[in-house]
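Asks: First the structure, then my questions, so here it is.
The values are calculated or read from the model by the stated rules, or taken from the named source; none is laboratory data. What you see is a predicted model, and the numbers here were worked out from it, not measured in a lab. Here the Cβ is made from the backbone with ideal geometry for all residues, glycine too, and neighbour counts use every protein chain on show. Areas reflect the complete protein model, heavy atoms only, side chains present, ligands, DNA and RNA absent. Shrake-Rupley method; radii C 1.70, N 1.55, O 1.52, S 1.80 Å.
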Amino acid sequence: MRIGYLDCFSGISGDMFLGALVDAGVPFDLLEATTAALNIGAHLESRKVVRGGITGTKVDVLTPDPRPQPPDPTPNPQTPNPKPHATHRHLSSILKIIAAAPLSESVKARSSRAFQLLGEAEAAIHSIPVEKVHFHEVGAIDTIVDIVCAAAGAESLSIDRWLASPLNVGSGTVVCQHGTLPVPAPATLALLGDAPVYAAGPPMERVTPTGAAILRMLDIRYEPLPPIKVHSSGFGAGGKDTPGEPNLLRILVGESSESAPTLNTEPIAVLETVIDDSSPQLLGYVSELLLAAGAWDVYRATVQMKKGRTGVQLTVLCRPDLVPALRDLIFRETTTIGLHWRIENKESLARDFQSVTTPWGSVRIKIARWPSGQVANASPEYEDCRRLAAEHSIPLKQVHQTAMSLYLASNQGAEPDQ
């Protein structure tokens, strides 16, 4: 298995990740070509820098600055300003830029997913629909380039599994479009979810929203470095030099003896019992109780029992730690006097959500993905469609079909694999 390990002892940002990729051997020409493919007037610059006594690679996104500039005593029209004001953009406009670029479908799917996650994080924080989110810092040209180049560079390494250390998120405050915010910024914290974090070193923002989106895009697992044979490594530099504490991101690329996973695997408990003396109403009630108590799924099937009796097989799927509680619930609420249970392996595709706005309201689309990031399946959420159909007195199938059509129209190139 080919492993990519990110050592985030000083956090992660878009420029740090690109620098680490180049330092580890990803051709800079590939990132330049990816930037040109976006057709947004940007290009890249790469140079060696020293951070805390360690040499790393610094990658900057350069773009002409639209702001009026004071006269330059030694003007050089060939040198653009590297940091323009952030352009206010909606998620839809960013996704259109990515969709129109002549890049691989997996790169477009991964980078679009990163921006979708950013948009949903911002929408949740500000309590507004994702369609109304204005991207400020994260909508700037340099961040579009950072995320898309990150997807292209990561793809070129043919990594089977991305791992990372706990994240040094920094401390203090950061000034952004919404004012002075605590570190990590709310959007960053939302994107990180349950990732292990800590704060060390001088107060500063060490994990940026872009860095957090890249981690989510790569489906990072936070684990100690496993035994691997290192083939290449590199340091990506951040903008600040913090003496004694290198402001760097390290990447290790190597081979592990483990086989590459194809799907997410986790243990699952299966409880089963067969009942021939309960009413359908009672079993329906018990099924609702089991789901409310944490069962993943409950289903009933008609079976033929001994002596010609017809019974119902009740099957419950749940986390292994819930077996005692759900077992006792079944004994308490049904007429059964025995059941059996076992632990099996559950394999599943990674899932995330994207919202579309229909003429009747918002509908979430559940998206299942292969480990590569490619979409395996997408389907409108039943409860959202049912609610809108009831509210507007229209056929359920009409809401479902409209929501799916809107999703496919806004995700060209990310349709389910056929």
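Asks: Toward the positive end of the charge dipole of the chain, about the Cα centre and with charges on Cβ (Lys, Arg +1; Asp, Glu -1), which of Ser256, Leu289, Gln313 goes farthest?
Replies: Comparing the listed Cα positions along the dipole, Gln313 ranks first.
Asks: Can you show me the helix-derived [θ] at 222 nm for the chain, built from DSSP H runs with n ≥ 4 at -39,500 (n - 2.57) apiece and divided by the number of residues, rounded to the nearest 500.
Replies: -10000 deg cm²/dmol
Asks: Here's something else I'd like to know. May I ask you to list, by number, the DSSP H helices of the chain whose Cα span along the axis is at least 20 Å and whose average Kyte-Doolittle hydropathy reaches 0.0 or more?
Replies: Going by DSSP H runs, the hits are 141-156, 396-410.
Asks: Would you mind counting up the charge near Ser393? Only other residues with Cβ under 15 Å from its Cβ, with Lys and Arg at +1 and Asp and Glu at -1.
Replies: +2
Asks: Counting pairs of alpha carbon atoms under 8 Å apart in space and at least six apart in sequence, what relative contact order in percent does segment 263-350 give?
Replies: 50 percent
Asks: State, to one decimal in nm, how far the label point of Leu263 lies from the label point of Ser279, with both points 7 Å from Cα in the Cβ direction.
Replies: According to this spin-label approximation, the distance is 4.0 nm.
Asks: Quick check: at a probe of 1.4 Å, how many percent of the accessible area of segment 163-311 sits on carbon and sulfur atoms?
Replies: Of the solvent-accessible surface of segment 163-311, carbon and sulfur hold 55 percent.
Asks: Let's test the formula: R0 of 35 Å, r as the Cβ-Cβ distance of Asp297 and Glu255. What FRET efficiency results, to the nearest 0.05?
Replies: It comes to 0.35.
Asks: Then there's this: Applying 1/(1 + (r/R0)^6) with R0 = 60 Å to the Cβ-Cβ distance of Ser93 and Asp321, what FRET efficiency is obtained, to the nearest 0.05?
Replies: Between Ser93 and Asp321 the formula returns 0.85.
Asks: Would you please give the FRET efficiency between Glu223 and Phe353, computed as 1/(1 + (r/R0)^6) with r the Cβ-Cβ distance and R0 = 25 Å, to the nearest 0.05?
Replies: After rounding, the FRET efficiency stands at 0.45.
Asks: Which cross-chain or sequence-distant (5 or more) residues have an amide H under 5 Å from the amide H of Val174, H modelled 1.01 Å from N in plane?
Replies: The list, which skips near neighbours in sequence, is Leu181, Val183.
Asks: While we're on this one: Which part of segment 281-321 falls in the paramagnetic zone of Glu333, meaning amide N under 15 Å from the point 7 Å along Cα-to-beta-carbon?
Replies: Correct set: 281-300, 314-318.
Asks: Okay, moving on. Running a GNM on the chain with Cα contacts under 10 Å, which residue among Gly119, Gly284, Gly308 ends up with the highest mean-square fluctuation?
Replies: Answer for the Gaussian network model of the chain: Gly308.
Asks: In addition: Can you list residues whose amide H is under 5 Å from Ser355's amide H, if they're 5+ apart or on another chain and H is modeled 1.01 Å from N?
Replies: Close amide H contacts, sequence-distant or interchain: Ile365.
Asks: Also, I was wondering about something else. Taking amide H positions as placed 1.01 Å from N in the peptide plane, with prolines and chain starts having none, which residues 5 or more places from Leu167, or on another chain, fall under 5 Å of its amide H?
Replies: Close amide H contacts, sequence-distant or interchain: Val197, Tyr198.
Asks: Let me ask something else. For the chain, with the dipole built from +1 on Lys and Arg beta-carbon atoms and -1 on Asp and Glu ones, taken about the Cα centre, which of Gly53, Leu157, Gly193 lies farthest toward the positive end?
Replies: Farthest along the dipole direction, towards plus: Gly193.
Asks: Work out, step by step, the length gained on full extension between Ser232 and Lys48: first 0.36 nm times the residue separation, then minus their alpha carbon distance; give nm to one decimal.
Replies: Separation in residues times 0.36 nm, less the Cα-Cα distance, equals 64.5 nm.
Asks: Continuing with this model, one more query. Using θ = phi - 60° and the Karplus curve 6.51 cos²θ - 1.76 cosθ + 1.60, what whole-Hz ³J(HN,Hα) does each residue of segment 48-53 get, with Gly and Pro shown as x?
Replies: Listing the rounded values in order: 8, 9, 10, 10, x, x Hz.
Asks: A further question follows. For the chain, just the Cα set please: Rg and Dmax, both in angstrom.
Replies: Cα only, the chain: 25.5, 100 Å (Rg, Dmax).
Asks: Also, I was wondering about something else. Can you tell me how much longer the chain between Arg387 and Glu105 gets when fully stretched, taken as 0.36 nm per residue apart minus their C-alpha distance, in nm with one decimal?
Replies: 98.1 nm
Asks: With every protein chain left in place, what is the accessible area per residue of the chain in square angstrom, probe 1.4 Å?
Replies: 48 Å²
Asks: Roll a 1.4 angstrom probe over the protein heavy atoms and tell me the percent of accessible area of segment 317-418 that is carbon or sulfur.
Replies: The C+S portion of the solvent-accessible surface of segment 317-418 is 53 percent.
Asks: Can you tell me which lysines have their Cα less than 19 Å from the Cα of Lys108? Leave out same-chain residues fewer than eight positions away.
Replies: Answer for Lys108, where 19 Å is the Cα cut-off: Lys96, Lys366, listed by chain and number.
Asks: Dipole of the chain, Cα-centred, from +1 at each Lys and Arg C-beta and -1 at each Asp and Glu C-beta, to the nearest 20 debye?
Replies: Rounded to the nearest 20 debye, it is 460 debye.
Asks: Let me ask something else about it. Classify segment 317-418 as rounded, prolate or oblate, taking a ≥ b ≥ c as the square roots of the eigenvalues of its Cα gyration tensor: rounded when a/c is under 1.5, otherwise prolate if a/b is larger than b/c and oblate if not.
Replies: oblate
Asks: Residue separation times 0.36 nm, minus the C-alpha to C-alpha distance between Gln374 and Phe28: what's the value?
Replies: 122.1 nm
Asks: Let me ask another. Can you pull the one-decimal nm distance between simple spin-label points at Leu408 and Ile343, each 7 Å off the Cα toward Cβ?
Replies: The two pseudo-label positions are separated by 4.3 nm.
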